[in-house]
Structures are given as C-alpha cells and as structure tokens.
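*Asks:* I am attaching a structure below and will ask some questions about it afterwards.
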Amino acid sequence: MANILVLDDEKGMREFLEIMLTNEGYSVSLAATEEKAVELVKKNLYDLVISDLRLKEGSGIDFLKKLKDISPSTYFIIITAYATLDTAIEAIKLGAFDYILKPFKIDMLRKQISSALERKSLIEENLYLRDRINKQKVPRDIIFNDEKIESIYNTAIKAAQSESTILLTGESGTGKEMFARLIHNKSFRSDGPFVVFNCGALSENLLESELFGHIAGSFTGANKNKDGLFVVAEGGSIFLDEIAETTNNFQVKLLRAIQEKEIKPVGSNSFKKVDVRIIAASNKNLEKQVEKGNFRKDLYYRLNVIPIHIPPLRERKNDIPRLAKHFLDYYSNGQKKIVDEAMQILIQHDYPGNVRELENIMERVSVLSRGKEITPEDLKFMGSDFDMEVQKSTSSEIKTLKEIEKEHIKKVLKLCNGNKSKTARKLEVSRRFIYKKINEYNINLEDING
C-alpha cells in the first residue's frame with residue numbers, strides 16, 4: 001500500500017482527493033500549508049506527494065525543493081489552475097513527475113498516480129537487482145543428484161505455491177539462499193523483487209533502519225528519509241539470513257511485520273503497510289535458541305510454518321561429482337576437466353564449508369592448475385587434509401568413478417523397481433544412456449527386481 005501526501009490549501013480539494021485516493025486503496029495524509037507538509041515528511045515516509053502550485057502559505061515549488069533534500073525518493077505531482085510554461089519547466093527540472101491542470105479528469109489523475117508509483121517501484125527494484133547481480137559469483141542453479149536434495153527440492157516447490165513463512169535451516173554454505181531464491185521464483189510473487197539481507201551483518205539500530213527505513217533526523221547521520229528493504233521488496237519476497245543473530249527487541253518488531261503486515265520506520269510515529277513474503281534462514285538450531293532464551297518462542301512459531309532443513313554436503317556425497325564439474329566448467333570456461341582419481345579425492349573430503357567450500361576449491365584449482373586436466377597433484381595445493389587424501393588415492397581400496405556410477409545406477413534402478421524410463425528421469429539422462437550403462441556394467445535387472 002502506497003503512502004500519499006496531499007498538500008492543498010483548499011479544504012474541498014483536500015477532502016475530495018482523500019476520498020478518491022482512500023477508495024483506490026492508498027494511505028493518505030493531508031496538509032493545508034507548506035510548513036505542515038514539511039513537518040509530515042520529516043516524520044513519515046511517503047511514496048508520492050500531490051501538491052497545489054499556489055498556496056496561501058508557501059508554494060508547491062518551494063516545497064518540492066525542500067522535499068528533494070528531505071526525501072529524494074518521494075515522487076511529486078503538481079496540480080494547478082495557474083499554469084505557465086516557465087513554472088511547468090521549473091517543476092520538471094526540480095524533479096516533479098508530472099504537472100496537471102485544474103480542472104482535471106479523475107481518470108487522468110488516477111493514471112498519473114499509478115504511473116508515478118510504478119516508475120518509483122521499478123527504479124528501486126532495478127537498483128537493488130543491479131547491486132545483487134554485481135555481487136553474484138556463479139549462476140544460481142540448484143544442482144543435485146542426491147535423493148535427499150531431490151526430496152527437499154520438491155518440498156520447496158510445493159511451499160512456493162503458498163504465502164506461508166518458511167524457515168530454512170542448515171550449516172553455512174549448504175545453499176539456503178539458493179533455495180530461498182527457488183521458492184520466490186516458483187511463487188506467485190516471482191514478478192516482484194527478491195531481496196536478500198544478512199541479519200548478522202549489522203548492529204540492532206542499523207539493522208532496523210536498513211529493513212524498516214528511517215526518518216530524517218531520527219539518528220546521527222540520518223540526513224534524509226530512507227525506505228527500508230521491506231518497502232523495496234513490496235509485492236515480492238525478502239530473505240532474512242542468520243535470523244538467530246537478531247536481538248529480542250528487533251524480534252518483537254519483526255513479529256509485528258509478519259502478523260500485522262506493517263512496519264514502523266525508525267523515528268516515525270506511524271506504521272506503514274507492506275505486502276512481502278518472509279523467508280528466514282539460520283545455521284543454528286532455533287528450537288534450542290528458544291530454550292536458552294536467545295530467541296522469542298512466538299516469532300519461532302511464526303517463522304517455522306514450513307521448515308526446510310538442508311543437509312551438509314558430507315551427508316550427500318552423490319552431489320559432489322556433478323557440483324565439482326559444474327564449478328570447474330564455469331571457472332575454466334569449459335577449458336578444463338577433472339580426472340577420476342582427483343574426483344575420488346574430492347568425494348572423500350568432508351567439506352566443513354559445504355558447497356561454498358567445494359566451489360572455492362574448484363575456482364582455485366582452475367586458476368592454479370597448469371594443464372587442461374585436474375589431477376591429484378593439483379589438489380595438493382589445497383592443504384594438509386587434501387595431501388593425505390592424495391596419498392590415500394593410490395590405495396586399492398579406493399573405488400573408481402565407474403564403480404561409483406555403476407552402484408548409483410543400480411541403486412536408482414532398484415528405487416524405481418527396474419523401470420528404466422523412471423530411472424532416466426531421476427538421473428536427468430536419456431533412456432538410451434541407461435540402456436547403454438546397463439549393458440556396459442552387466443547390470444542384472446532380475447537381481448534389481450528381486
């Protein structure tokens with residue numbers, strides 16, 4: 001819901017605009033003087049101002065100049081019965097969105113208001129998305145072979161169709177943000193913005209300002225009004241990572257945002273309605289944090305409507321070969337391959353940093369390796385743990401990649417009751433490939449079905 005301020009010294013016009021805008025679903029404030037309008041803008045965040053040009057006390061042009069200093073992101077429409085080309089040009093140069101002559105048609109005003117708010121929303125979303133794109137390291141695809149992740153993936157797709165809050169849990173680096181992005185992209189909000197924020201990165205005061213916004217003068221350095229990320233995410237989803245790092249005081253305000261769908265900017269006296277889906281994440285056990293008194297029980301229950309736990313990479317080693325090849329292909333621009341012996345070493349590693357650690361390893365080895373093939377020798381540069389695994393790789397106990405592939409195909413065939421078409425779909429390969437491997441590895445389907 002957009003907040004609109006109407007500045008007009010004619011009571012009848014103020015009341016008319018209030019009725020019209022309220023019926024359109026907007027939140028409306030009224031001011032009869034420039035002084036009152038400045039006072040309101042300093043205390044509240046407005047998406048749009050509709051102002052008369054000539055006022056008994058002050059003028060619309062003077063207020064526009066002050067508005068751009070106090071709240072530069074607020075859009076401005078001037079309405080007047082005293083139009084001149086010079087004042088119109090001056091208003092547009094100062095940043096007014098449009099200039100409407102009295103008497104005006106209601107449909108025309110509706111259209112201009114809608115256009116101004118759409119433009120504002122689009123610009124804010126583009127600025128945010130541009131920043132997110134610049135920060136992205138690798139294309140955010142969810143890549144998996146493991147049945148655990150397949151089940152989680154399907155749960156996430158189902159959860160995306162609801163409006164319920166979702167709590168993603170798992171160790172750092174397991175891919176919680178990727179699953180949050182998947183949920184957003186598969187939801188009814190996919191056309192809206194997807195905003196990512198790490199709650200552990202800022203102090204309580206800055207955290208509240210960043211998420212809920214602030215009013216000019218509310219604290220040292222707050223020289224202008226600023227919309228928070230909840231406003232930026234309007235109509236979309238906001239992903240709150242490391243939610244366990246927030247304070248009890250902030251948790252109370254977040255609970256209100258979830259229950260009442262409204263936020264209160266720092267320094268403001270009024271609440272602002274927001275339409276945002278919340279997806280939260282934590283690498284800590286929130287239930288235990290509740291028991292310790294570090295996290296509010298009521299907020300935990302509000303967030304934990306649909307819980308999704310993402311297991312660490314060491315518990316889903318079937319994903320390692322496919323992930324490793326994906327990262328290596330990306331960082332080497334498809335110029336390098338990994339030999340079976342090196343892949344075996346990667347599979348044996350426990351990855352305390354999970355998928356993020358594997359990604360970093362493949363990026364580093366793609367840069368440091370001299371040849372077009374990644375060998376066990378190339379992995380020696382990754383530290384003592386990998387040195388030990390390189391030495392172990394010569395052991396006869398280590399299975400080859402073909403042996404692992406054979407066992408995995410047999411496992412999925414058994415899961416699918418010997419159905420080769422279903423097996424091919426599960427493994428994301430062709431049916432012809434499954435037939436080929438069954439013959440190559442002499443897999444006995446009678447043993448599978450038995």
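*Asks:* Keeping to region 275-303, report how many residues are acidic (D, E) and buried (at least 17 other Cβ atoms within 10 Å of the Cβ).
*Replies:* Our first condition is that a residue be acidic (D, E); within region 275-303, this holds for 275, 287, 291, 298.
In the following step, the residues that additionally are buried (at least 17 other Cβ atoms within 10 Å of the Cβ) were identified as none.
So the count comes out to 0.
*Asks:* Just a yes or no: is a residue in region 260-279 touching a residue at least 60 places away in the same chain (Cβ under 8 Å), among the hydroxyl-bearing types (S, T, Y) and part of a loop (DSSP other than H, G, I, E, B)?
*Replies:* yes
*Asks:* Regarding region 6-27, can at least one residue be identified that is modelled with pLDDT of 80 or more and under 24 Å from F219 (Cα atoms)?
*Replies:* No.
*Asks:* Inspect region 247-265 for any residue being within 22 Å of I166 (Cβ to Cβ), basic (K, R), in contact with a helix residue (DSSP H, G or I) (Cβ under 8 Å, 6 or more places away or on another chain) and at pLDDT below 95 and give the result as yes or no. Show your work before the answer.
*Replies:* Within region 247-265, the subset within 22 Å of I166 (Cβ to Cβ) is 250-263.
Next, from what is left, pick out any that are basic (K, R): 253, 256, 261.
Narrowing the set further to residues that are in contact with a helix residue (DSSP H, G or I) (Cβ under 8 Å, 6 or more places away or on another chain) leaves 253.
Keeping just the survivors that are at pLDDT below 95 gives 253.
Yes, region 247-265 contains a residue that is within 22 Å of I166 (Cβ to Cβ), basic (K, R), in contact with a helix residue (DSSP H, G or I) (Cβ under 8 Å, 6 or more places away or on another chain) and at pLDDT below 95.
*Asks:* Taking the stated definitions as given, is K186 under 30 Å from P72 (Cβ atoms) and among the basic types (K, R)?
*Replies:* Details: under 30 Å from P72 (Cβ atoms): no; among the basic types (K, R): yes.
No; evaluated as a whole, the condition is false for this residue.
*Asks:* Out of region 95-114, which residues are touching a helix residue (DSSP H, G or I) at 6+ places or on another chain (Cβ under 9 Å) and either among the hydroxyl-bearing types (S, T, Y) or not assigned by TED's automatic domain parsing to the domain that holds T80 (or both)?
*Replies:* Within region 95-114, Y99 is the sole residue that qualifies.
*Asks:* Tally time: how many residues in region 116-160 are at pLDDT 75 or above and touching an Asp or Glu at 6+ places or on another chain (Cβ under 8 Å)?
*Replies:* 10
*Asks:* Then there is this: Pairs needed: first member in region 343-354, under 16 Å from V365 (Cβ atoms) and in the same structural domain as P376 (by TED's automatic domain parsing); second member anywhere, at pLDDT 90 or above and acidic (D, E); C-beta distance under 6 Å; at least 6 residues apart or different chains.
*Replies:* Y351/E357
*Asks:* Would region 26-45 turn up any residue that is in contact with a Gly (Cβ under 9 Å, 6 or more places away or on another chain), closer than 18 Å to E10 by Cβ, not in a helix (DSSP H, G or I) and not assigned by TED's automatic domain parsing to the domain that holds N269?
*Replies:* The answer is yes, given that some residue of region 26-45 is in contact with a Gly (Cβ under 9 Å, 6 or more places away or on another chain), closer than 18 Å to E10 by Cβ, not in a helix (DSSP H, G or I) and not assigned by TED's automatic domain parsing to the domain that holds N269.
*Asks:* Would you mention how many residues in region 50-101 are under 21 Å from R119 (Cα atoms), modelled with pLDDT of 85 or more and surrounded by fewer than 17 Cβ atoms within 10 Å (Cβ to Cβ)?
*Replies:* Selection size over region 50-101: 1.
The values are calculated or read from the model by the stated rules, or taken from the named source; none is laboratory data. Here the structure is a predicted model, which means the values were calculated and not measured. Positions of Cβ are generated from backbone atoms using ideal geometry, with glycine treated the same way; all protein chains shown enter the neighbour counts.
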